[in-house]
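Trainee: Questions regarding the structure given below will be posed in turn.
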Amino acid sequence: MTRTIQFESWTHPVPLTISDNLPIEVTEKALLDFTAFKNWISALRTNLERQATPGHTFEFDPWVLAELKVHSIHMFQTKDGPRPGFMTVEAILHRNEEPKVLDRVVFLRGGSVAVLMILRPKDSRNERYVILTDQPRIGACSTNFLEIPAGMLDDSDEIKGKAIQEIEEETNLTVRKEELIDLTALALEGERQDEDLQNGIYMSPANLDEFIPLFLWEKDLDRKEIEALKGRLTGERTSDETITLRIIAYEELWKIGARDAKTLASWALYEGLNGAGKIEEKLHEIRIGRFG
C-alpha cells in the first residue's frame, strides 16, 4: 500500500508517493522537513530550471520531474526524540526525445565534513605527518578502515564548527576555527558555476546526495610535541572504543589512503593547491592573524 500527496513546492504538480512501510512516527511534515530532502529537492528544482539557459545541453528538450517516490526512511534517536536520518527516494524524469525517461533511486543522507590533519616539525618543515582514524566501516566490509577524520553534518549549517567537533571527538586535539583551510572552496575559487552544487566532493553522484567539504589543519610544532603526540595518539582508542588513531608519514598517504575517496581527494587537493602556492599563502595569513 502507498499514499500519494501533491508535492506543492515545484513549478508544476508533482505527485509524491509515500510507502506505507515507513516507521509510524514518520509524518508527512517530518518527511518534507528532513534537511537532506529539502536541500536535495531545492537544488534539483534550481538545476532543472537552469536547462532554459541559452546553450544548455537540454535547452530545447529539458528534463522534467514527473514523479517522486519515497521508498524507505531510517530514523535517528536523539535527545529531542526520533528524527529522519537516511531516506531512499526515487526520482522519475521525462523528456520528449530519446532517452525519454530518467529513473534514479537516490540515497539521501546530507552532507559530511572531513579534515586532513598535517603535523610539521619546526626544525624540519619538509617532514610531515598525518593523523588517520582506524575504525569499522561495514559498507566496505572492514573492521579497521583507514581514513582522515570525518563525520556527518546532520542539520548543522556551521561547517567549520562541525569539522572542529569531529576533530575533537576523534582525536582529542583542540583546533581553532581560524586555523582551518577549506581545500574544496579554495580549489573552486573563480570557477564558473552553472549549477547549484555544494563546495565539496560528491562521493557517488549518480545515486547519493552526500557532499563532503574537505578541510586542512596544518600545524608547525616542536619536534618533542610531535613525538609526544605520536606516543599518545598512535593506537589510542577514543571513548566509544571503535576508533583507533594512527600517525603516518605524509609521503605514505596516497598509498595508505588509496581506498578512501575523501582521503585520496584531500591529498590530491593539497598537492595541487600546494604546488600553486595557495596553501603556504593561507598558512601565512593564519600565522599573522589574517583570517578573512
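Trainee: In the range 151-210, what residues are among the polar types (S, T, N, Q) and surrounded by 14 or more Cβ atoms within 10 Å (Cβ to Cβ)?
Mentor: S156, Q165, T171, T184, Q198, N199
Trainee: If C141 satisfies all but one of (1) in the same structural domain as I248 (by TED's automatic domain parsing); (2) buried (at least 18 other Cβ atoms within 10 Å of the Cβ); (3) not hydroxyl-bearing (S, T, Y), what's the number of the condition it fails?
Mentor: So C141 meets the others, but not (2).
Trainee: On to the next question. Being among the aromatic types (F, W, Y) and outside any loop (DSSP other than H, G, I, E, B) is the filter here; which residues of the range 19-72 pass it?
Mentor: F37, W40
Trainee: Would you pick out the residues in the range 13-45 that are among the hydroxyl-bearing types (S, T, Y) and surrounded by 12 or more Cβ atoms within 10 Å (Cβ to Cβ)?
Mentor: T17, S19, T35, S42
Trainee: Hey, can you tell me all the residues within the range 253-292 that are basic (K, R) and surrounded by 12 or more Cβ atoms within 10 Å (Cβ to Cβ)?
Mentor: If the condition is that a residue be basic (K, R) and surrounded by 12 or more Cβ atoms within 10 Å (Cβ to Cβ), then R259, K262, K278, K282 are the ones that fit.
Trainee: List the helices (runs of 4 or more DSSP H) inside the range 187-286, counting only whole elements, that have at least 2 residues being closer than 20 Å to Q165 by Cα and modelled with pLDDT under 90.
Mentor: Those helices (runs of 4 or more DSSP H) span 223-233.
The values are calculated or read from the model by the stated rules, or taken from the named source; none is laboratory data. Since this is a predicted model, take the numbers as computed values, not measurements. Virtual Cβ from ideal backbone geometry, glycine too; neighbours counted across all protein chains shown.
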